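Worksheet for the structure shown next.
The values are calculated or read from the model by the stated rules, or taken from the named source; none is laboratory data. This one's a predicted model, so the numbers in the text were calculated from it and none came from an experiment. Positions of Cβ are generated from backbone atoms using ideal geometry, with glycine treated the same way; all protein chains shown enter the neighbour counts.
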Amino acid sequence: MIVRFTLNGRPREVETEPHRTLLDVLRDTLGQLEAKEGCAEGACGACTVLLDGRPASSCLTLVPLVEGRRVTTVRGLERDGRLHPLQESFVAHGAVQCGFCTPGVLLTALWYVEKNPGADREQIRQALGGNLCRCTGYTKIVDAIEAWSRRATAEAGP
Amino acid sequence: MSGAPDRPDLIGQRIPRHDARDKVTATIAYAADWAMPGMLHAVVVRSPYPSAQIRRLDAARASAMPGVVAILTAKDVPHNTLATDVPGQTTTVGPLRAHLHVLAEDRVRYQGEPVALVAAETLEQARAAAEAVEVDYEPLPGVFDTATALAPGAPRVHEAGNLLAEWRIARGDVAAALAGAAVVIDGEYETSFVDSGYIEPEAGVAWIDGDGVVTIRLATQVIEHYRDVAEVLGVPQNRVRVIGTYVGGGFGGKEDVTVEVYLGLLAWKTRRPVKMVWTRQESLLSRAKRHPYRLRYRTGASRSGEIVAQQVEIVGDSGAYAYLSALVLLYSTVTAAGPYRVPNVAVHARVAYTNNPPTSAMRGFGAMQVVFGYESQMDRVGAALGLDPVHVREVNALRRGDTLPVGQVIETHVALPVLARRAWDSLGEPTPPRAPHVRVGRGLACNLQPYGRIVWLHDWSSAWVGFEMDGSLVVRCGAPDVGGGQASSLCQIAAGVLGVPLARVSVHISDSALTPLSGTTTASRQLYMSGNATLKAARELREQVLGVAASMLGVAAIELDLVEGEVRARDGRTLALKDVLAGCARASVPRSRLAVYHAPAGEPIGFMKVGGPDMAPHTPQTLAHGPAEPGRGSGKVFPDYTFGAHAAEVEVDTETGVVRILKYVAAHDVGRAINPTSVEGQIQGGVVQGLGYGLLEEVLLDEGVNQTTSFASYLIPAAGDVPDVQPIVCESGEGLGPYGARGIGEPPIGPPAAAIANAIAAATGARLARLPMTGERVLRALGALDGKDG
């Protein structure tokens, strides 16, 4: 079957079996390797993408379900070759160690903080519940998200 | 001829890692991201039984299935015995003879043991064929706990018996000291099977390169396993190349071989590129775990709190194969009395085979399980004598010049009293309980963790540092980067010495053919070992280049400095670096340098002596170590140790038993923090892994059958399960690494479980002695539940 969707702002059309997951199609058909497979059962969050702006486990999303929808991966965050400020914040705060969970964590954080601009550290931690990280212990991830959130909120003004 | 001393301007700077940008944009190609034209997909056929005879194995039907290119069983493997001795750049492994079969022959000994390999055009075809491989198993009686395994008449996991290794230390007169002690505390503790739980499953791609070299690109902590692949294939070691990727987490789980031998075999047989990616279920099922321990402590102390005796019994579960169990147990034996001066010590440690999943290296490597024992005991001694937790540790802390029970003299500064005091005080004002049924309490736990390899392994690392003609810098080093910032630290060291901006440094790592070999990214050794090799290479290169600049300027090299891409003389004259490099070419002086760093070496100590009738050197998996022979050897086992002190404030819900960490402070003397951000990251990450060990994680086995083969049942901490971890980085400058750095990869995982147990005891009076400290176990300890702990 043919499935059409928008990937990082570009229209895409793929011919696929209906039982394939979005993760497989992204990685194997479209060569978008930024979504990672950590568990293939929606428990680790490494495969997180934004589906119409909301986090989804692409390993559990059958590809026909994205027909006509917007899919965003971490590659969709850069603008004109410049990192998104949240990505900059991750780099500056040492929130990245092995990096395998990072794409998924970034997308979940982006969604959550944009929706909840004044979120505190505990709320950020709860929001990241579906994205496992084994390296950082999360403190510096929360540091990076909080710092970006504060700056974004300040820039947006009262 | 040497230049002015280099100024380590970059040392101690919070520099963003060179790979961080590539990781936030996901442009790093991890092992599973690789693909080759004409690539096959491979899977492993695994035993569903923990103990069984293979009566018949028939792959005929599977071989005929669509897309199947190869099915390999034991008889197809040129040399089916794989040594699992210490890998890496070691020249002596002592008496270790740990082996296993690459593919099972007539017997399987744990659930998940590899029996056959299937390669097909697609992954779906490979999986279908794997299902169709017919294996006729006859289940055999197994042993699933160490007490049964070591009892007379137990079913034998291996022919030579179930006792895999045994170590003893005897120092002083423990019985007399206990008899004279003011207080004697008895404690039994039980730790659990846990998994490394990295987010990136094991993966790799292999191919035969144009020159006929078997090339394997995979996620590994040890590129030196190319030698094991060569041994299995029966080809010279220089015909196998391992390219290590940036690794998506290791923690010891990617120290032993994972996919490389299977991939090497399949590429060799099919002459096509082959990919293998393990599923999470497969990883949790079959990868080596941390050894569960049963610990028995008897601790005697004087009225003023001095520990006068420690009597320790350790029994560990090796699972079905030896891997690194004997050495894990050695780490436990050496550190069993903790970071304290104890005049009378008896340690008896054993590790036994069972039909459980194999256990091997995991962050902390045996020096970590025992912390739960000795720090629980220390707390109980303090409580029995009415001593403050910090004070009882101050009284006993090791100092420079003290001797460990094994006979090793501590040669560097021990900051333990300062660390304990700072960690404890940093908890600040006590948090009031938020409800009547909630209790709040605080606990302290200290530890020591070796860094660097056992001295009789004669460890070494090498690194190459060179200038390009344009003045940009290249570092080549075989060290795998598992996410700890291993490669980035090397850049920082080389750039600092050679006065090159970090943006002008490239680092090439982890390639057994093209980068100088540096040994394993294990044992908290990479900054220590490869950092020293890189520092040495960079300093020697600096001398070479400044020597040429000195002739060009007609001054002594001591007058010169290398800063920001130019040579500066004291008299104010400067030379552009690229002009000096051109001068090097004219003077036939190389603009690169290869350096080797050798760790302090030593001979095996007395109790390493092996022999006797129970030693069966040619039987796979059999190791036996004789009793200690006091007085033999120097007693030096490890190059040095890293010390730490952690303080936790926890709340215990007496209705649910749930323990929540309110505050956590972790202090370590890291010698010198090359990159403080990376150091803090190691501390915070290690602590949270330790909190998972203390509160959540447990591989559950039912007669050897794994019940926790998904992240839905094997729980690792999520962000909401843990608090912010406050690191305290203490810098004594006393380490053996570059600029006095100590290893910090493993040490932070040691204390958390004990710190929590001690905090629970302070909050409730209940002593938790079994890990993980789940709500159920806490309620049981509070007397709120009846019945046996399940």
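One table, with the values for the structure above:
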read-out	value
Hey, B:Ala445 assigned to a loop (DSSP other than H, G, I, E, B), modelled with pLDDT of 95 or more and buried (at least 24 other Cβ atoms within 10 Å of the Cβ) or not	no
Among (1) in the same structural domain as A:Glu17 (by TED's automatic domain parsing); (2) assigned to a loop (DSSP other than H, G, I, E, B), the one test that A:Ala119 misses	(1)
Scan of the stretch A:58-75 for residues that are touching a Leu at 6+ places or on another chain (Cβ under 8 Å) and within 14 Å of chain B (Cβ to nearest Cβ), ordered by number	A:Ser58, A:Cys59, A:Thr72, A:Thr73, A:Val74
A:Leu77 vs. criteria touching a His at 6+ places or on another chain (Cβ under 8 Å), more than 19 Å from B:Phe711 (Cβ to Cβ) and at pLDDT 95 or above	yes
Test: residue in the stretch A:121-135 that is surrounded by 23 or more Cβ atoms within 10 Å (Cβ to Cβ), more than 9 Å from chain B (Cβ to nearest Cβ) and out of contact with any strand residue (DSSP E or B) (no Cβ under 6 Å at 6 or more places or on another chain)	no
Residue list for the stretch B:562-593, filter: among the acidic types (Asp, Glu) and touching an Asp or Glu at 6+ places or on another chain (Cβ under 8 Å)	B:Asp571
Selection within the stretch B:332-363 - in contact with a Pro (Cβ under 8 Å, 6 or more places away or on another chain), within 27 Å of B:Ala420 (Cα to Cα) and crowded, with 24+ Cβ neighbours inside 10 Å	B:Val334, B:Thr335, B:Ala336, B:Ala337, B:Val342, B:Val347
Residues that are within 16 Å of A:Ala109 (Cβ to Cβ), part of a loop (DSSP other than H, G, I, E, B) and either more than 10 Å from chain B (Cβ to nearest Cβ) or of a type in the set (Ser, Thr, Tyr) (or both), drawn from the stretch A:31-57	A:Cys47, A:Gly53
Residue in the stretch B:665-675 that is on the phi > 0 side of the Ramachandran plot and at pLDDT 95 or above present	yes
Verdict on B:Arg439 being part of a strand (DSSP E or B), out of contact with any Cys (no Cβ under 7 Å at 6 or more places or on another chain), at pLDDT 95 or above and not acidic (Asp, Glu)	yes
Flag for B:Tyr293 being of a type outside the set (D, E, K, R) and either without any contact (Cβ under 8 Å) to a residue 24 or more places away in the chain or not assigned by TED's automatic domain parsing to the domain that holds B:Gly210 (or both)	yes
Of residues in the stretch B:658-716 being in a strand (DSSP E or B) and surrounded by fewer than 22 Cβ atoms within 10 Å (Cβ to Cβ), the one farthest from the other protein chains (Cβ to nearest Cβ)	B:Asp702
Test set (1) without any contact (Cβ under 8 Å) to a residue 12 or more places away in the chain; (2) part of a loop (DSSP other than H, G, I, E, B) - A:Asp28 fails condition number	(2)
Qualifying residue in the stretch B:763-773 (condition: in a helix (DSSP H, G or I) and in contact with a His (Cβ under 9 Å, 6 or more places away or on another chain))	no
Any hit, the stretch A:96-113, residues being of a type outside the set (Val, Ile, Thr), more than 11 Å from the chain's Cα centre (by Cα) and not in a loop (DSSP other than H, G, I, E, B)	no
Scope the stretch B:234-252; condition more than 8 Å from chain A (Cβ to nearest Cβ) and either without any contact (Cβ under 8 Å) to a residue 60 or more places away in the chain or touching a helix residue (DSSP H, G or I) at 6+ places or on another chain (Cβ under 8 Å) (or both); matching residues	B:Val235, B:Pro236, B:Gln237, B:Asn238, B:Arg239, B:Val240, B:Arg241, B:Val242, B:Ile243, B:Gly244, B:Thr245
Check on B:Pro516, under 30 Å from B:Ser360 (Cα atoms), assigned to a loop (DSSP other than H, G, I, E, B) and within 14 Å of chain A (Cβ to nearest Cβ)	no
The stretch B:453-471, residues that are touching a strand residue (DSSP E or B) at 6+ places or on another chain (Cβ under 7 Å) and surrounded by 15 or more Cβ atoms within 10 Å (Cβ to Cβ)	B:Trp460, B:Ser461, B:Ser462, B:Ala463, B:Trp464, B:Val465, B:Gly466, B:Phe467
Exclusive hit being over 26 Å from B:Ala170 (Cβ atoms), part of a loop (DSSP other than H, G, I, E, B) and modelled with pLDDT of 95 or more, set B:Ala337, B:Ala361	B:Ala361
Near pairs, Cβ below 8 angstrom, 6+ apart or cross-chain, from the stretch B:473-486 (over 11 Å from B:Val507 (Cβ atoms) and within 14 Å of another protein chain (Cβ to nearest Cβ)) to any residue that is in a loop (DSSP other than H, G, I, E, B) and hydroxyl-bearing (Ser, Thr, Tyr)	B:Pro480/B:Thr220; B:Pro480/B:Ser510; B:Pro480/B:Thr520; B:Pro480/B:Thr521; B:Val482/B:Thr521; B:Gly483/B:Tyr246; B:Gly484/B:Thr521
Some residue of the stretch A:2-20 being surrounded by 17 or more Cβ atoms within 10 Å (Cβ to Cβ), over 25 Å from B:Asp481 (Cβ atoms) and among the aromatic types (Phe, Trp, Tyr)	yes
Positions within the stretch B:384-433 being part of a loop (DSSP other than H, G, I, E, B), surrounded by fewer than 20 Cβ atoms within 10 Å (Cβ to Cβ) and small (Gly, Ala, Ser), in sequence order	B:Gly386, B:Gly401, B:Ser426, B:Gly428
Residues of the stretch A:91-120 that turn out to be surrounded by fewer than 22 Cβ atoms within 10 Å (Cβ to Cβ) and within 7 Å of another protein chain (Cβ to nearest Cβ), as a count	2
Residues within the stretch B:254-276 that are within 14 Å of chain A (Cβ to nearest Cβ), in contact with a Ser or Thr (Cβ under 8 Å, 6 or more places away or on another chain) and farther than 19 Å from B:Ser518 by Cα, tallied	0
Members of the stretch B:729-746 found to be surrounded by fewer than 22 Cβ atoms within 10 Å (Cβ to Cβ) and either within 14 Å of chain A (Cβ to nearest Cβ) or of a type in the set (Ser, Thr, Tyr) (or both), listed by number	B:Val729, B:Ser732, B:Tyr739
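Every residue, every condition in (1) within 14 Å of chain A (Cβ to nearest Cβ); (2) surrounded by fewer than 21 Cβ atoms within 10 Å (Cβ to Cβ); (3) not hydrophobic (A, V, I, L, M, F, W, C), yes or no:
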| position | (1), (2), (3) |
| --- | --- |
| B:His158 | no, yes, yes |
| B:Leu163 | no, yes, no |
| B:Trp167 | no, no, no |
| B:Ala170 | no, yes, no |
| B:Ala175 | no, yes, no |
| B:Ala179 | no, yes, no |
| B:Tyr189 | no, no, yes |
| B:Ser196 | yes, no, yes |
| B:Pro201 | yes, no, yes |
